[in-house]
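Below: the structure, in structure tokens.
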């Protein structure tokens, strides 16, 4: 799972800068930004961001100001924040001299090179600061900028002088994921929004498969876009399997740590058919499949592929699926399964509001 990071400026963002000299070089000058304790601690506790401090200020001393004069205030700040559950995994303070045009000084990214790797999702990360250079840093990182100011910035996704606004903005972000899977047999792209409203744009080259996938979006209340180019001249196997793998990976990515979700969901009747489907996004893949088809194909998809679809989804979404369906109409039978799957997903991903991971283990 890729990390999402909040790159947070120090002076003017966590603490206030004295109007006299803009230098927090003594304990007497240490004043915290209003609301930072309450709202940043809630961000740290409830949301899935790693906190990293990035500042151009003289927090640990420069050629102009000795380190010893700044260290007590900086240390006191970190201790006070830690007491409120706010801890930084890394602290990056530019001390280049001279500062002009230094690649280490914001908005330069030289001191943040380690974050340009596959383990960090910069596209879902943010830079929070009170200067335009902070917003520019976000752009240079490929992240998003939050401008803590009563001024505006065209490049920022949020401009506000209040930490409460930042908390609510971050908390209300839709759970989204984009997954691309490329092999010599298929090229798949899945875009998923768990907090959507049922919009679907599906194009796999298999009409009946598209129809089933649309059920997931419509009845699951999610937005889903799938584009697939596959070797259908061989058969349907690779297309159905790889779409399922990419879709499962997208769910796993969008759910993140699964804080505050219901976790479980189940079932659905459709005309002559009854589909019973239970799902558990508990982190362990498993499939129980009790569906028997009397026909070799439904539309342009072999019926043997449906079990394979759900097995592949379970493997990548790291969920348990228990599926049973009975009835006389084969079209209705598999459609009931997909609709039950969608309704189960809708129930399982629903937010409970308690922001806890739904497991006694503390992790899913």
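The values are calculated or read from the model by the stated rules, or taken from the named source; none is laboratory data. Quick caveat: nothing in here was measured; it's all calculated off a predicted structure. Every residue, glycine among them, receives a Cβ derived from its backbone with ideal geometry; neighbour counts consider all protein chains shown.
Some observations on this one:
- Sole exception among (1) touching a residue at least 40 places away in the same chain (Cβ under 8 Å); (2) within 24 Å of the chain's Cα centre (by Cα); (3) surrounded by fewer than 15 Cβ atoms within 10 Å (Cβ to Cβ) for residue 248, by number: (3)
- The lone criterion from (1) surrounded by 14 or more Cβ atoms within 10 Å (Cβ to Cβ); (2) closer than 27 Å to residue 261 by Cβ; (3) touching a helix residue (DSSP H, G or I) at 6+ places or on another chain (Cβ under 7 Å); (4) in contact (Cβ under 8 Å) with a residue 24 or more places away in the chain left unmet by residue 206 is number (2).
- Residues in region 1-36 that are crowded, with 18+ Cβ neighbours inside 10 Å, more than 17 Å from the chain's Cα centre (by Cα) and not in a loop (DSSP other than H, G, I, E, B): 8, 11, 15, 36.
- Answer residue from region 119-154, given it is over 17 Å from the mean Cα position of the chain (by Cα) and assigned to a strand (DSSP E or B) and is nearest to residue 3 (Cα to Cα) among those: 128
- Condition broken by residue 364, with the remaining ones in (1) closer than 22 Å to residue 247 by Cβ; (2) assigned by TED's automatic domain parsing to the domain that holds residue 253 satisfied: (2)
- Scanning region 37-51 for residues that are surrounded by 17 or more Cβ atoms within 10 Å (Cβ to Cβ) and in contact with a helix residue (DSSP H, G or I) (Cβ under 8 Å, 6 or more places away or on another chain) yields 37, 39, 40, 42, 43, 47, 49, 51.
- Candidate set: region 155-173, residues that are in a loop (DSSP other than H, G, I, E, B) and out of contact with any helix residue (DSSP H, G or I) (no Cβ under 9 Å at 6 or more places or on another chain); chosen: the one surrounded by the fewest Cβ atoms within 10 Å (Cβ to Cβ): 172
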